[in-house]
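Report on the structure given below.
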Amino acid sequence: MKRVLGICMGIGLLLFVGSCYYDQELPQAPIDNLPDDIVISFADDIEPLFSRANKNCTQCHNGLIQDPDLRVGQAYAALQQGGYIQAGNAEGSLFYQRLPGVGHRIQISFELTPEEIQLIKTWIDRGAENN
Ligand code: HEC
């Protein structure tokens, strides 16, 4: 009898641990609700969005044709020096207001997704750090 109880408890424990694991596999929290301890990195999460093969902002925003210069290694300085960003206030930042998918003033062949836009917005709202 003790043994049966032990087995039951063992199975119970496995199910419990298994359910915790399952929780971690659920979709992540919406980006507008990101917990504060999840840091959005400019270098890792934001800057690469501007130089992707299929959504390449730098074909135009490359320091030659159109400001701001969004090339890797240039983007942060260009956004700061051009006055494009008000740290802590995405809605008041020209960069956010003019993003493709928000209010880019010319039609281009792609837009940022709502998730990408939200990520940039949250990064600005949280202080637009060069991290
Ligand atoms: C095909 C060329 C092209 C591509 C690709 C492009 N842009 Fe632009 N972008 C422009 C032009 C031209 C303007 C100026 C439009 C105007 O103000 O009349 C502009 C303006 C902007 C502005 C406002 C700049 C200002 O000084 O007013 C921002 C911010 C911007 N683009 C961000 C982006 C981002 C981010 C991407 C990529 C996701 C992107 N653009 C892709 C051509 C492009």
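Only the coordinates and a few stated rules stand behind these numbers; no lab work does. Fair warning: this is a prediction, and the values are worked out from it, not measured in the lab. No Cβ is skipped: glycine too gets one built from the backbone with ideal geometry, and neighbour counts run over all protein chains shown.
Provide the FRET efficiency to the nearest 0.05 for the ALA77-GLU115 pair, computing r from the beta carbons and using R0 = 35 Å.
0.85
Could you work out the percent of alpha carbon pairs in the stretch 31-125 separated by over 24 Å, rounded to a whole number?
Within the stretch 31-125, distances greater than 24 Å cover 13 percent of Cα pairs.
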